[in-house]
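The values are calculated or read from the model by the stated rules, or taken from the named source; none is laboratory data. Since the model is a prediction, treat every value here as computed from it, not as a measurement. Counting neighbours? That spans all protein chains shown, and the Cβs are built from the backbone with ideal geometry, glycine included. These accessible areas exclude ligands, DNA and RNA; they are computed on the full protein's heavy atoms, side chains included. Shrake-Rupley method; radii C 1.70, N 1.55, O 1.52, S 1.80 Å.
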Amino acid sequence: MASPAAASPPSLRFGQVVIGPPGSGKTTYCLGMQEFMGQLGRKVVVVNMDPANDGLPYTCAVDVSELVTLDDVMESLKLGPNGGLLYCMEYLEANLDWLEKKLNQYSDYYFLFDCPGQVELYTHQSSVKNIFSQLSKWNFRLASVHLVDSHYCADPAKFISVLCTSLASMLHVELPHVNVLSKMDLIEQYGKLAFNLDFYTEVMDLHYLLDHLASDPFFKKFHQLNMKLADVVQDYGLVSFVPLNVQDKQSMTTVLRTVDKANGYYFGDLEERNLQAMMSAAVGADFQFNLTLGVQERYVKTQEATVEEEMMDL
């Protein structure tokens, strides 16, 4: 009797590749999203793609550390952490048959790929891009979820750097892309925002930020450079952000809906009912301005005038 597993091609599978700089909350996001989607009735598996991530808080279905670990590479090849991680991803690229065999054990699941935090993997190094490309050939429909710390909004120089990194990642990875401002509850931990939150999420006229940079003697001499960087970001017009607090169900719902639109996932009947029950009190939650305004009211301390009064003045 013929084996049924060997005949049919893999069915269509959906998922997210979670990328971003170190400490941006990728592993916490994967844990929170796994639990959140489980409550919606969606079967989820998490794939650890980081050979340096040895303290996993979530249940891991596929772990790249079974194939290669950063510690072993650094010890055997006498490489530093950056070079060692690049080698690990090149080694995974050369052994994609191992990854395919592991993933084929989960045919009817939604996938979360928890990726390493080395920025150059997503801006100019090709191994991770090639792995994502091969996943697409295996009938995966993926969206890239790029997490950055929300408190960078409080520093104009760092925010422009975040914009450049986000844009470079979008162009290099070549997947549907969702940029996320993580840790919204800590957005003003290192300083006050110069503008309303929607200025940062929608990436409005960056020349207003340049005026703030010009007031700093250190950045004043780089004014022309900063202006050109801002022009590049705005000329592409691709970068925007979705605010996220992983402990807030409404925030998680907004991010999940945005990602589902990006990768083409369609809600099932059971999941839609659970989602509607969860969002029954959130009237007009799809209206982006009201959504951002609600996030600002929860996490950003306003000054003398309220946000509504400031908008009426404008």
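Note on K221: lysines with a C-alpha under 17 Å away, same-chain residues under 8 apart excluded, are K158.
When the trypsin sites (Lys or Arg not before Pro) in region 187-258 are filtered for DSSP coil states and for at most 11 other beta-carbon atoms within 10 Å of their beta-carbon, the remaining sites are K192, K221.
Per residue, the accessible area of region 55-99 comes to 54 Å² when a 1.4 Å probe rolls over the protein heavy atoms. Given R0 = 22 Å, the distance between the Cβ atoms of T59 and L96 translates into a calculated FRET efficiency of 0.40. Surface composition of region 71-228: carbon and sulfur make up 51 percent of the accessible area, probe 1.4 Å. For region 210-253, the solvent-accessible area of protein heavy atoms averages 61 Å² per residue (probe radius 1.4 Å; ligands and nucleic acids excluded).
Summarising the label geometry, the points placed 7 Å from Cα in the beta-carbon direction at T123 and S136 lie 2.3 nm from one another. For the pair E35 and T258, a Förster radius of 22 Å applied to the C-beta separation gives a FRET efficiency near 0.75, rounded to the nearest 0.05.
For the residue pairs K192/K228; K43/K102; K183/K249; K183/K228, alpha carbon separations beyond 20 Å are given by K192/K228; K183/K228. Skip the ligands, DNA and RNA, and give the accessible area per residue of region 132-196 with a 1.4 Å probe, whole Å². Heavy-atom SASA per residue in region 132-196 reads 35 Å². Once the Cβ-Cβ distance of D235 and D71 is raised to the sixth power relative to R0 = 35 Å, the FRET efficiency obtained is 0.20. Per-residue extension of 0.36 nm, minus the Cα-Cα distance of K220 and D205, leaves a gain of 3.5 nm for this segment.
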